[in-house]
Amino acid sequence: MEKMRELREHGMTFIDDQPRELFGIRYAVINPPDQLCGVLTEIVDGEFDPGNKESGGSR
């Protein structure tokens with residue numbers, strides 16, 4: 001994921017070395033949250049439709 005590389009260059013660290021994948025999207029969690037004022041933050045690569053059960057939506 002290009003954004004992970006870019007954020008690492010600016011000093012951010014992540015929970016995992018590689019992005020995780022779920023419902024066809026890749027995501028990474030910035031660690032520790034105190035790097036972003038205590039907010040747990042994910043970066044996501046892909047499209048998520050909350051109305052589509054195949055993409056993990058619940059509607």
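Results, tabulated for the structure shown:
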| read-out | value |
| --- | --- |
| Residue order, fewest to most beta carbons within 10 Å, for Leu7, Leu36 | Leu36, Leu7 |
| Ranked list, fewest to most other Cβ atoms within 10 Å of each Cβ, for Phe23, Phe14 | Phe23, Phe14 |
| Difference of contour (0.36 nm per residue) and Cα-Cα distance, Leu40 to Thr13 | 8.5 nm |
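Each value in this text was obtained by applying a stated rule to the coordinates, not by laboratory testing. Remember, predicted model here, so these are calculated numbers, not experimental data. Positions of Cβ are backbone-derived with ideal geometry, glycine not excepted, and every protein chain shown enters the neighbour counts.
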